[in-house]
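The values are calculated or read from the model by the stated rules, or taken from the named source; none is laboratory data. Fair warning: this is a prediction, and the values are worked out from it, not measured in the lab. A quick note on method: Cβ atoms are made from the backbone with ideal geometry, for glycine too, and the neighbour counts reach across all protein chains shown.
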Number of protein chains: 2
Amino acid sequence: MPKKMPKKKEAILKAATVLFANKGFTDTSMHELSELTGAAEGTIFYHFKNKEHLLLTILQTTNESIVEEFDRFIDGREFKNGLHMVEEIVSFYLYLAGIMEFQFLLLQRHYLYKFVAENQDFRSSLEEFYNCISDMFEKAIVRGQQDGSIGNVHPRKTALILFTMVDGVVRFKNFNLYDAGALFNDLIESCRKMLKPDGETAR
Amino acid sequence: MPKKMPKKKEAILKAATVLFANKGFTDTSMHELSELTGAAEGTIFYHFKNKEHLLLTILQTTNESIVEEFDRFIDGREFKNGLHMVEEIVSFYLYLAGIMEFQFLLLQRHYLYKFVAENQDFRSSLEEFYNCISDMFEKAIVRGQQDGSIGNVHPRKTALILFTMVDGVVRFKNFNLYDAGALFNDLIESCRKMLKPDGETAR
DNA sequence: TAAAAAACCGACTGAGCGCTCAGTCGGTTT
DNA sequence: AAACCGACTGAGCGCTCAGTCGGTTTTTTA
């Protein structure tokens, strides 16, 4: 983790994350960013060579901190079986999406994909995030199939479906359509039923 | 359905739908739109009083045609039971999201929510769309619980989870992350398992 | 077929944008 | 005490944008 960062630089990164997530890239002006942080416009360009590079920096730090959070989560925990691990990943994803609201919102915004299509650095960061999540689900499913807590499903495809599910719930929450919390129990229950071995009775 | 529309007006609506969906609202310029349609910039403002009103018109026609498609789909079909109906709705949603790619992409773009928050007309259109889909799922679930094809789940909440699932898959497809088609069979199978009555053996 | 109405045109405007740059300032090194 | 440093400043430049306006062409109507 990079420490010792100039005050203004840190303030700019923080404010820009919120603005880029809420208002979008083009709809956020450097002037607005300068007013909000108390930094002069020139200061922003002193720290970041241009607007796009500011976004890239935000995307990279966001990706790093999310991947790091998940690594720490997986390492520091014992899961009694694969199914339980899936459930915990879902919970933790929703938890993180709550406390890192703006970062997750940013990752879902479609304008990122213009940059991803044109810039390798953007692509790398975003791919790492997506792979991190889907690999985690896949590992949990494979483990569950070994210990018998999960039935005979296609690990990769089912991992992707789980990912789209939690991602969809987060999107609904970010769009202020529905409260993710209210759906939590039913979501976990749905996952259990989706994954449980054939012929078993639901809990 | 409004017929008899001036040639250029129709061309503008069509092109703007694609541009607003792919590039976003702010990143689409009226000049670009004028070049692409062969209409002069003045013509655009002759038909639509400003850029925002052009977007609103697109949102309204999009919403109307999607709701209409679903109404026709539900009316013109017999479902052998509630579960089957859920499966068919999921299929049809994915089918529509394929042939109306840009309209669905537009509906998912986050910048819409700035307008929704500030403008009642935007809000009405978007709410109608979301209610149409979730109500349909809910009705199918309730019917399934009556005919015994669906187990004891919370109808509304489960409807929302189904919605977030298909919506999530469409988003992954629109982001070019994964192919929705490759996930189709596993998605339907997941829905079946999620919904099936307790104690039954999977097919 | 002439008049009226609707559709269309494109040069133009001024506000706002990203970004530059010459320069200030307090602290460290030489 | 001179030289150098990174952090920061804000006026200003070149340019793009949404929206306007006075005029022309096409279509409808009487």
| query | From the residues in the range B:175-188 that are facing another protein chain (nearest Cβ under 8 Å) and assigned to a helix (DSSP H, G or I), which one is surrounded by the most Cβ atoms within 10 Å (Cβ to Cβ)? | reply | B:L187
| Between residues in the range B:119-146 that are assigned by TED's automatic domain parsing to the domain that holds B:I188 and over 21 Å from A:G168 (Cβ atoms) and residues that are surrounded by 15 or more Cβ atoms within 10 Å (Cβ to Cβ) and small (G, A, S), which pairs lie under 9 Å by C-beta distance while being six or more apart or on different chains? | B:V142/B:G82; B:R143/B:G82; B:R143/B:S149; B:G144/B:G82; B:G144/B:G151; B:Q145/B:G82; B:Q145/B:G151; B:Q146/B:G82
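Conditions tested, residue by residue: (1) more than 24 Å from the chain's Cα centre (by Cα); (2) at pLDDT below 95.
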| site | (1), (2) |
| --- | --- |
| B:R143 | no, no |
| B:G148 | yes, no |
| B:N176 | no, yes |
| B:A182 | no, yes |
| B:D186 | no, no |
| said: Just to be sure before I move on: is B:V67 crowded, with 21+ Cβ neighbours inside 10 Å and more than 27 Å from A:E127 (Cα to Cα) in the structure I sent? | reply: no
| request: Can you confirm whether the range B:31-46 contains a residue that is among the aliphatic types (A, V, I, L, M), out of contact with any strand residue (DSSP E or B) (no Cβ under 7 Å at 6 or more places or on another chain) and more than 16 Å from DNA strand C (Cβ to nearest atom)? | output: no
| message | On the basis of being within 13 Å of another protein chain (Cβ to nearest Cβ) and touching a Pro at 6+ places or on another chain (Cβ under 8 Å), does B:I161 make the cut? | response | no
| message | I need the full set of residues from the range A:15-51 which are surrounded by fewer than 18 Cβ atoms within 10 Å (Cβ to Cβ), within 14 Å of chain B (Cβ to nearest Cβ) and not in a helix (DSSP H, G or I), in order please. | response | A:K23, A:T26, A:D27, A:S29
| task | Considering each of B:G168, B:G98 in turn, give the residue that is within 12 Å of another protein chain (Cβ to nearest Cβ) and either part of a loop (DSSP other than H, G, I, E, B) or not hydrophobic (A, V, I, L, M, F, W, C) (or both). | result | B:G168
| field | Restricting the range B:7-44 to residues that are touching a residue at least 12 places away in the same chain (Cβ under 8 Å) and near DNA strand D (Cβ under 9 Å from one of its atoms), the residue that is nearest to the chain's Cα centre (by Cα) | value | B:F25
| note | Here the residues within the range B:101-122 that are within 11 Å of chain A (Cβ to nearest Cβ) and either surrounded by fewer than 18 Cβ atoms within 10 Å (Cβ to Cβ) or in contact with a Pro (Cβ under 7 Å, 6 or more places away or on another chain) (or both) are B:Y113, B:K114, B:A117
| Listed residues B:L105, B:L59, B:L54; which is within 16 Å of DNA strand C (Cβ to nearest atom) and in a helix (DSSP H, G or I)? | B:L54
| Index of the failed condition, B:K4 passing every other in (1) surrounded by fewer than 16 Cβ atoms within 10 Å (Cβ to Cβ); (2) in contact with a helix residue (DSSP H, G or I) (Cβ under 9 Å, 6 or more places away or on another chain) | (2)
